[in-house]
Amino acid sequence: MLANKAVKRATLEIATCSNEFGVNSSEVLLFFCSEYYVTGGLKMKSVKRIGILTSGGDAPGMNPVIRAVVRNASKEGVEVVGIKRGYEGLLSGDIVNLDDAKVSDITNRGGTILLTARCMEMMQEKGQQRAYEISRVLGIDALIVIGGDGSLTGAKKLAELGLSVVGIPGTIDLDLPCSEYTIGFDTAVNSGMTAISKIRDTSTSHERCSVVEVMGRNCGAIALWCAVAGGADDVLVPEVPDVDEDAVIRQVLQNRAKGKNHNLIVVAEGIGQSQRLAKKIEEVTGIESRATILGHLQRGGSPTALDRLHGSNMGSMAVDLLLKGESNRVIIVKDGKYDHMDIGEALSYTREFDKALYNSVKRLSM
């Protein structure tokens, strides 16, 4: 397909210049060849300057991606510019040159050194067109976008306008169905587990029931993992919106009757109402109950080894894809291996609820 596009463009340029401007066809072909280089038999647009941005919610592991992009591009003699505050920074031309030294010692840092933001203007066609035009003015030949579905939607629009784009899934929620893994998830789960372990210590000492709310507005993956790994009595997730609070209370009482002296209920952000649930449990059972909302604690912290590994490998792969002439691609993990696919196709996938993991919480509860 890439070869066909290159040939069509060459033919069009040669015909236009020869017929309308009287330029010799060989001169046009020479110009075309100066704009394109050959790799693996395919003619592709030369990439001399790559832009990189982080968009939407931050996720631990974004910095390892940035480092890998800069280091791999540098080895190929390609310049990298960081775009600050996501698409908002692109629209305002807020960029910074990145080199090997500037990305030293950032793999251990949470968040993103490029900062991030959500950009409403990028959701409109006019904003997308302006972003594309500004990219050209800034001399950006290709763009790497790190983020979730909203960020990838913007990347897809820019690719359709003609900019070479590769997306990298970066979201703590693990809510991109196209990929088995998204950067930041492992760190978020481990942060949640660390907090739950500490809450369990004091809960056990006081024989309390603890209701712990974790992040996950539309996806309950973090809650499910924390519930199974934390030995929760029950879990409430947005995929099962009809909450039977009486059933939750019965589970608490049944476990107490079996000799358990503390209880743990994990609630996803999308369900919420954790304070009210804790109050109701205490009123009905007489068991002292407390609610703890972890919130953005789970977005921060030093990335785990897994997030650093995936971030580094995906970042390096993104550069390789762009230098091979690929565009409108998102890097994914499929069957435990790295792969890439069309962004539009990736966004069309429907996320399936992990019912087996949900049932595991029920089965393993005492």
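Coordinate-derived values only; no laboratory data. Just so it is clear, the structure is predicted and the values come from calculations on it, not from any experiment. Cβ sites come from the backbone with ideal geometry, for glycine too, and all protein chains shown count toward neighbours.
Which of these, 65, 211, 137, has the largest mean-square fluctuation under a Gaussian network model of the chain (Cα springs below 10 Å)?
Fluctuation is largest for 137.
Can you give the relative contact order of the chain as a percent, counting alpha carbon pairs under 8 Å and 6+ residues apart?
On the way: 763 pairs, mean separation 75.0, N = 366.
Relative contact order comes out at 20 percent.
If I stretch the segment between residue 74 and residue 349 completely, what's the gain in nm (0.36 nm per residue apart, minus their alpha carbon distance), one decimal? Mind dumping the intermediate values first?
On the way: separation 275, 0.36 × 275 = 99.00 nm, distance 3.45 nm.
Extending this stretch completely gives an extra 95.5 nm.
If I histogram all Cα-Cα distances within the range 168-286 using bins 5 Å wide from 0, what percent of pairs lands in each bin?
Binned Cα distances yield the sequence 2, 12, 21, 23, 18, 11, 6, 4, 1, 0.
If you bin the C-alpha pair distances of the chain every 20 Å from 0, what whole percents do you get?
Here the calculated profile for the chain is 28, 45, 21, 5, 1.
Filter 279/355; 75/324; 126/156; 198/258; 260/362 down to the pairs with a C-alpha to C-alpha distance above 21 Å, please. Let's see the in-between values first.
Numbers: 279/355 28 Å; 75/324 15 Å; 126/156 15 Å; 198/258 23 Å; 260/362 16 Å.
Listed pairs above 21 Å: 279/355; 198/258.
Quick one: if the Förster radius is 41 Å, what FRET efficiency do residue 218 and residue 46 give, using the C-beta to C-beta distance and rounding to 0.05?
Efficiency computed from Cβ-Cβ geometry: 0.50.
Label points 7 Å out from Cα along the Cβ direction at residue 339 and residue 356: separation in nm?
1.8
With an 8 Å Cα cut-off and a minimum separation of 6 or more residues, compute the relative contact order for the range 161-282 in percent.
On the way: 184 pairs, mean separation 33.6, N = 122.
Over the range 161-282, the number comes to 28 percent.
Using +1 on the beta carbon of Lys and Arg, -1 on that of Asp and Glu, and nothing else charged, what's the dipole of the chain about the Cα centre, debye to 20? Walk me through the intermediate numbers first.
Working: 42 positive and 45 negative charges, 87 e Å.
Roughly 420 debye, rounded to the nearest 20.
To test your reading of the geometry: what angle, between 0 and 90 degrees and rounded to tens, separates the Cα axis of helix 25-35 from the longest principal axis of the chain?
Taking Cα atoms only, the helix is inclined about 30 degrees.
For the pair residue 285 and residue 229, how long in nm is the line joining their label points, each one 7 Å along Cα→Cβ?
Computed distance between label sites residue 285 and residue 229 equals 2.4 nm.
Please give the helix 125-137 orientation as an angle from the longest Cα principal axis of the chain, in degrees from 0 to 90, rounded to the nearest 10.
With rounding to tens, the tilt is 50 degrees.
Tell me which of 311, 147, 177 sits at the most positive position along the dipole axis of the chain, charges placed on C-beta atoms (Lys, Arg +1; Asp, Glu -1).
311
Calculate how many DSSP beta bridges within the chain are antiparallel, expressed in % of all such bridges and rounded to the nearest 5.
On the way: 14 of 47 bridges.
Taking every DSSP beta bridge within the chain, about 30 percent pair in antiparallel fashion.
Can you tell me the 0 to 90 degree angle between the C-alpha axis of helix 355-364 and the longest principal axis of the chain, rounded to 10?
Between helix and principal axis, roughly 30 degrees.
What relative contact order, as a whole-number percentage, does the range 31-183 give when Cα pairs under 8 Å and 6 or more residues apart are counted? Don't skip to the end; give the middle numbers.
Values: 296 pairs, mean separation 40.4, N = 153.
Normalised by residue count, the contact order of the range 31-183 is 26 percent.
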